[in-house]
Amino acid sequence: MTELALNCRTDRPAISRIHIDDSLAAMKLATELYQRLSEADLEAGRRPIVLLCIGTDRSTGDALGPLVGSQLRRVGQNLFSVYGTLEEPVHATNLEQVITEIQVKYQNPYIIAVDACLGNPENIGYVNIVNGPLKPGAGVKKTLPAVGEMHITGVVNVGGFMEYMILQSTRLNIVMQIANVIADGLKQTIYNHKQAAAALDRRA
């Protein structure tokens with residue numbers, strides 16, 4: 001299996017952990033993300049925000065990123081530039097090329113990476129928002145470039161052994177539930193951005 005697999009291990013603790021069974025999961029994710037973007041002064045449009053959704057539909061567990069990316073591509077919005085969909089996935093084979101394309105196309109982009117990860121059994125179903133870069137491939141001993149100033153991960157299954165097989169046999173249902181929460185949270189973030197921009201226009 002050559003597809004990209006991801007690992008939840010990071011150098012920093014998660015800023016926020018939200019479980020998909022929480023009825024307010026998408027709203028909480030949007031609130032956390034919007035606050036982070038505002039604190040980074042990104043709401044003013046000073047830096048382009050790129051949503052880099054990593055993964056492949058060739059592996060059920062690793063399809064989280066493309067599922068989120070495809071949902072966001074269908075939304076009319078100008079907050080995020082979206083890379084990584086079911087039709088045009090970003091994975092281990094082309095990740096470095098896509099990162100280069102983003103750096104060439106956008107001046108000083110703020111990249112938010114989105115991907116699946118493996119973790120402890122009690123963490124399955126959690127969405128993590130983490131400051132700092134994502135380290136893709138660590139869970140399957142791949143050496144790939146770290147990417148992002150922030151990343152969002154969803155714990156799709158148990159890690160620690162036979163990661164390729166675990167990702168291949170992950171239930172689509174849990175992946176879809178996590179993808180829907182992340183996508184809905186991002187859509188709410190877009191709505192919050194539009195509302196804030198409209199409020200500023202009214203004051204002008």
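Derivation of every value follows stated rules applied to the coordinates shown; laboratory data play no part. It should be emphasised that the depicted structure is a prediction, and the values quoted were computed from it without experimental measurement. Counting neighbours? That spans all protein chains shown, and the Cβs are built from the backbone with ideal geometry, glycine included.
How much net charge surrounds residue 71 when only other residues with a Cβ under 9 Å from its Cβ are counted (Lys, Arg +1; Asp, Glu -1)?
Neighbour charge sum, excluding residue 71 itself: +2.
If you line up the long axis of helix 25-39 against the longest principal axis of the chain, both from Cα atoms, how many degrees apart are they, to the nearest 10?
60 degrees
Amide H of residue 16 versus every other amide H placed in the peptide plane: which residues, excluding those fewer than 5 positions away on the same chain, fall under 5 Å?
Long-range HN contacts for residue 16: 129.
With axes computed from alpha carbons, what is the tilt in degrees of helix 95-105 against the longest principal axis of the chain, rounded to the nearest 10 within 0 to 90?
The answer is roughly 10 degrees.
Using the Karplus curve 6.51 cos²θ - 1.76 cosθ + 1.60 with θ = phi - 60°, what ³J(HN,Hα) values do you get for each residue of the stretch 48-56, in whole Hz, with x for Gly and Pro?
Karplus-based 3J(HN,Hα) across the stretch 48-56 equals x, 9, 10, 9, 9, 9, 9, x, 8 Hz.
How much net charge surrounds residue 83 when only the other residues with a Cβ under 11 Å from the Cβ of residue 83 are counted, with Lys and Arg +1 and Asp and Glu -1?
Value of the local net charge: 0.
Search the structure for amide H atoms under 5 Å from the amide H of residue 22, placed 1.01 Å from N in the peptide plane, and list their residues when 5 or more places away or on another chain.
Counting only residues 5 or more places away or on other chains, the set is empty.
Rounded to the nearest Å, what's the spacing between the alpha carbon centres of the stretch 161-198 and the stretch 26-103? Just the number, please.
Taking the Cα centre of the stretch 26-103 as reference, the centre of the stretch 161-198 is 10 Å away.
Could you tell me whether the stretch 95-204 comes out rounded, prolate or oblate from its Cα gyration tensor? Rule is a ≥ b ≥ c as square roots of the eigenvalues, rounded for a/c under 1.5, then prolate if a/b exceeds b/c, otherwise oblate.
oblate
Along the Cα→Cβ direction, 7 angstrom out, place labels at residue 38 and residue 187. What is the inter-label distance in nm?
Placing both labels 7 Å along Cα→Cβ, they lie 2.3 nm apart.
Between beta-carbons, use under 9 Å as the cut-off and find the net charge around residue 18, counting Lys and Arg +1, Asp and Glu -1.
Computed value for this residue: 0.
Quickly estimate the mean residue ellipticity at 222 nm for the chain, helices only: each DSSP H run with n ≥ 4 gives -39500 (n - 2.57), and the total goes over all residues, rounded to 500.
Result for the chain: -12000 deg cm²/dmol, rounded to the nearest 500.
How high is the relative contact order of the stretch 16-194, in percent, counting Cα pairs under 8 Å that sit 6 or more residues apart?
The normalised contact order for the stretch 16-194 reaches 30 percent.
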